[in-house]
Structures are given as structure tokens and as C-alpha cells.
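Working notes, structure below.
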Amino acid sequence: MFTALPITASATPDVGKPAPAFSGTDSRGKTISLGDFRGKTVVLEWTNHDCPYVRKHYSADNMQTLQRKAAPSGIVLDPKGTIGRQYAARHTPTMVVIDPKGTLAYYGAIDDDSNWHPDSIKGAKNHVRAALADLKAGRAVSVAKTRAYGRSVKYTDCAGLSGLPLTGAGHSPEQQNY
């Protein structure tokens, strides 16, 4: 006999609402929190160096180009997946943009092409870049939520370190590394 069990998935945070508060340890061992970046745009990226979709964006220099447009900040370590669960990050990469007021402005995929091959980046619409441009121009984010794609996050085996690149860009909201 086969019995189907209900799957309980945590809902993603609501775009337009306050972003879930978090604290964690950065790559230098310092405790940081979302509140430390009040007044700045924050970009979170769930990453996994073994994920072909993450490799797609890093091997093509797509993620690094996005990161260079911001004042790099650092990496928040999330070895137990606590922050990832708060943000319902289910795939790598999952991208989150938080505006200077602490409101979740964008949640989802980095772009609109879920093909794993780096050549698919050409012509793809980069949702994160567009969200940051909208915020910088004082506009509401035109595409505020998309479905993230990539390798699934496995929280049951979070014994290793997983990093969340974090951006605390001042009034020029762009990407990554605290």
C-alpha cells in the first residue's frame, strides 16, 4: 500500500513586506545582522560551488560582474541553514534584494533563462540587475518575484559551510560581498 504524505513547504517571504531579520557569522568570524545594513540595499545569494547553475553564472563572470557594480561587503556563513529557511531558499542560486528601508524588494532567480549552459546568459534578462536599477531610480521593482531555478538546497546535510554573499551597498544599490 502506498500512502502519499503531505509535503510541507515554507512559504517564501512576501515581497513588499519587511525582510526577515537575521544574524549570522561572517567569513571573518564577526557576528552581523540585517539591521547592520539599515539604510543600504542588501543582496543575498544562496550559492553552492557544485551547482551547475551557480557555475554557469560564475564561469561566465556574470555573478562577479554583478558583484563588482556594488561595494563588496562579505559573506555570511549559514552552516545550519537557518537564514536559508527564513528566506525559503530552495535552489542555488536564489537571489534576494532588500531595499534600504528593510523591505523585501525582489525574490527569485538571477535571470529568466534556466538553462545551465553559460551561453544561455546572452540575451537573458537579469532580474537582480533590473531590480537594483529600479531601486536606484526610485521606482518600484517591476518584476519583484520570480521562480528560482537551480540545484535544490538540502538542509538536512548542512554540516558543511554554505556562504551567503551579502551586499551592503550604500545609495548605489548593487551586489555582493560584505
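Read-outs throughout are calculated quantities, based only on the coordinates presented, and are distinct from any laboratory measurement. Keep in mind the model is a prediction, meaning the values are calculated, not measured. Cβ coordinates were reconstructed from backbone atoms using ideal geometry, including for glycine residues, and neighbour counts include every protein chain displayed.
Odds and ends about this structure:
- Packing-based order for 106-113, 33-40, using average beta carbon neighbours within 10 Å, highest first: 106-113, 33-40
- Residue-span extension gain [Lys154 to Ser33] - 0.36 nm each, minus C-alpha spacing: 41.2 nm
- Three principal axis extents of segment 30-114 based on alpha-carbon atoms, in descending order, are 32, 29, 25 Å.
- Segment 23-143, relative contact order in percent, only Cα pairs under 8 angstrom and at least six apart counted: 28 percent
- Neighbour-count ranking [beta-carbon atoms within 10 angstrom, fewest first] of Trp116, Trp46: Trp116, Trp46
- Residues whose amide H lies under 5 Å from that of Gly74, counting only those 5 or more places away or on a different chain, are Leu166, Asn177, Tyr178; hydrogens are built 1.01 Å from N in the peptide plane.
- Of the peptides 74-86, 49-61, the ranking by mean beta-carbon count within 10 Å, highest at the top, reads 74-86, 49-61.
- Note on Ala140 and Gln86: the model spin-label points, each 7 Å out from Cα along the C-beta direction, lie 2.7 nm apart.
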